[in-house]
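A.B. asks: Input: one structure, supplied below.
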Amino acid sequence: MESPGELSTDERIIVVMGPTGVGKTTFINCVANRGDRGVGHGIESCTPEVSLVNVEHTVHGRKVVLVDTPGFDDTYKSDTEILTMIASFLVKTYTNNLKLDTILYLHRIIDTRMTGSLLKNLKLF
């Protein structure tokens, strides 16, 4: 599943966002029972684009789809490019009459505060 056009209004859509390296893809793989697929273990970012992941679990009888997003402070793309990619996905979901159920914003567990650029990105949404 690659685009919002493949989703239905019966599905619960959960977008997972945050800085690169915080474990967004690891979290999604755990929830979706996908093993270690697409997880970066090096120093460079690994998720290049927005992608959709079906989850076997249902919530109140509705299927769940998790949306994996590239991280802010990416190795290869600027925050503007990342925000543009995520915003484009959100526009497509809205255009297809789909509503998000949740946005999960993850950050490093050892960080006691959110830095300026991460806080700005979060406030945009």
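The values are calculated or read from the model by the stated rules, or taken from the named source; none is laboratory data. Small disclaimer: the values here were computed from a predicted structure and weren't measured. Neighbour counts are summed over all protein chains in view; Cβ atoms, including those assigned to glycine, are modelled from backbone coordinates with ideal geometry. Surface accessibility is based on the protein's heavy atoms, side chains included, excluding ligands, DNA and RNA. Shrake-Rupley method; radii C 1.70, N 1.55, O 1.52, S 1.80 Å.
A.B. asks: When only residues in region 85-125 that are of a type in the set (Lys, Arg) and part of a loop (DSSP other than H, G, I, E, B) count, which is modelled with the lowest pLDDT?
C.D. replies: If we filter region 85-125 for residues that are of a type in the set (Lys, Arg), which is where we start, we get 92, 99, 108, 113, 120, 123.
Among the residues that remain, those that are also part of a loop (DSSP other than H, G, I, E, B) are: 99, 108, 113.
On the way: LYS99: 89, ARG108: 81, ARG113: 74.
The residue in question is ARG113.
A.B. asks: Another question, if that's okay. Go through region 1-53 and count every residue that is modelled with pLDDT of 75 or more, in contact with a helix residue (DSSP H, G or I) (Cβ under 7 Å, 6 or more places away or on another chain) and surrounded by fewer than 17 Cβ atoms within 10 Å (Cβ to Cβ).
C.D. replies: 1
A.B. asks: To continue, here is another question. Looking for something open to solvent by 80 Å² or more (accessible area, probe 1.4 Å) and among the aromatic types (Phe, Trp, Tyr) - is there at least one such residue anywhere in region 90-98? Even if it seems obvious, please write down each step before you answer.
C.D. replies: Keep residues of region 90-98 that are open to solvent by 80 Å² or more (accessible area, probe 1.4 Å), which gives 91-92, 94-95, 97.
When the remaining residues are screened for being among the aromatic types (Phe, Trp, Tyr), the result is 94.
Within region 90-98 (the criterion being open to solvent by 80 Å² or more (accessible area, probe 1.4 Å) and among the aromatic types (Phe, Trp, Tyr)), the answer is yes, since at least one residue qualifies.
A.B. asks: Okay, next question. Tell me which residues, restricted to region 54-82, are under 27 Å from MET114 (Cα atoms) and surrounded by fewer than 19 Cβ atoms within 10 Å (Cβ to Cβ).
C.D. replies: ASP73, THR75, TYR76, SER78, ASP79, THR80, GLU81, listed by residue number.
A.B. asks: State which residue is nearest to the chain's Cα centre (by Cα) when the search covers only region 56-97 and only residues that are among the charged types (D, E, K, R) and over 15 Å from GLU11 (Cβ atoms). Even if it seems obvious, please write down each step before you answer.
C.D. replies: Of the residues in region 56-97, the ones among the charged types (D, E, K, R) are 56, 62-63, 68, 73-74, 77, 79, 81, 92.
If we keep only those that are over 15 Å from GLU11 (Cβ atoms) too, we end up with 68, 73-74, 77, 79, 81.
Numbers: ASP68: 3, ASP73: 14, ASP74: 14, LYS77: 16, ASP79: 14, GLU81: 15 Å.
Selected residue: ASP68.
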